[in-house]
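The next block holds one structure in the form of structure tokens; read it before the comments.
The values are calculated or read from the model by the stated rules, or taken from the named source; none is laboratory data. Given the structure is predicted, the values throughout are model-derived calculations rather than measurements. As a convention, Cβ positions derive from the backbone with ideal geometry for all residues, glycine included, and neighbour counts pool all protein chains shown. Side chains included, ligands, DNA and RNA excluded: accessible areas come from the protein's heavy atoms. Shrake-Rupley method; radii C 1.70, N 1.55, O 1.52, S 1.80 Å.
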Amino acid sequence: MEKTHTLSLNDRKVLEITGITDVGTYSEDTVEIETVSGNLIIDGEGLSITRLDVEAGILSLIGRIDSILY
């Protein structure tokens with residue numbers, strides 16, 4: 001079964017991502033993630049991962065999200 005990648009952003013404060021395969025670097029300002037659709041870089045302030053389940057391919061984070069770049 002092929003994994004899919006989705007991204008849901010709520011009020012630029014809550015981000016939920018599926019289809020992740022790995023989390024690279026992580027700080028309060030930047031999160032770098034590998035997904036089934038390629039690399040993803042999230043920039044912002046006060047970023048905090050609230051859920052991480054690499055086996056299920058799910059990541060949730062909160063904070064002020066300024067940019068999302070593939």
Inset, instruction - Using Cα pairs closer than 8 Å and at least 6 residues apart in sequence, work out the relative contact order for the chain, in percent. - result: 30 percent
Inset, instruction - Can you tell me which of 36-47, 19-30 comes out highest on packing, and rank the rest after it, using the mean Cβ neighbours within 10 Å? - result: 36-47, 19-30
Legend entry - For segment 3-12, 3J(HN,Hα) per residue [Karplus equation, 6.51 cos²θ - 1.76 cosθ + 1.60, θ = phi - 60°, Hz, x = Gly/Pro]: 7, 10, 10, 10, 9, 10, 10, 10, 6, 6
Inset, instruction - Rank VAL54, SER8, LEU69 by how far each Cα sits towards the positive end of the charge dipole of the chain (+1 on Lys, Arg Cβ; -1 on Asp, Glu Cβ) and give me just the farthest. - result: SER8
Inset, instruction - Obtain the nm distance between the two label points defined at SER67 and SER37 by a simple spin-label model: each point lies 7 Å from its Cα along the Cα-to-C-beta direction. - result: 1.9 nm
Legend entry - Under the Karplus curve 6.51 cos²θ - 1.76 cosθ + 1.60, θ = phi - 60°, whole-Hz ³J(HN,Hα) for segment 44-51, x wherever Gly or Pro sits: x, 9, x, 6, 9, 6, 9, 8
Inset, instruction - Taking 7 Å along the Cα-to-C-beta vector as the label spot, tell me the GLU28-SER60 distance in nanometres, rounded to one decimal. - result: 2.3 nm
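Counting Lys +1, Arg +1, Asp -1, Glu -1, what net charge surrounds SER60 among other residues with beta carbon under 10 Å of its beta carbon?
On the way: positive: ARG51; negative: GLU16, ASP53.
Net of charged neighbours comes to -1.
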Inset, instruction - Could you state the accessible area per residue of the chain in Å², with a 1.4 Å probe and every protein chain left in place? - result: 63 Å²
Legend entry - Accessible surface of segment 1-46, 1.4 Å probe, proportion on carbon and sulfur as whole %: 44 percent
Inset, instruction - Please report, to one decimal in angstroms, the Kirkwood hydrodynamic radius of the chain built from all distinct Cα-Cα pairs. - result: 11.7 Å
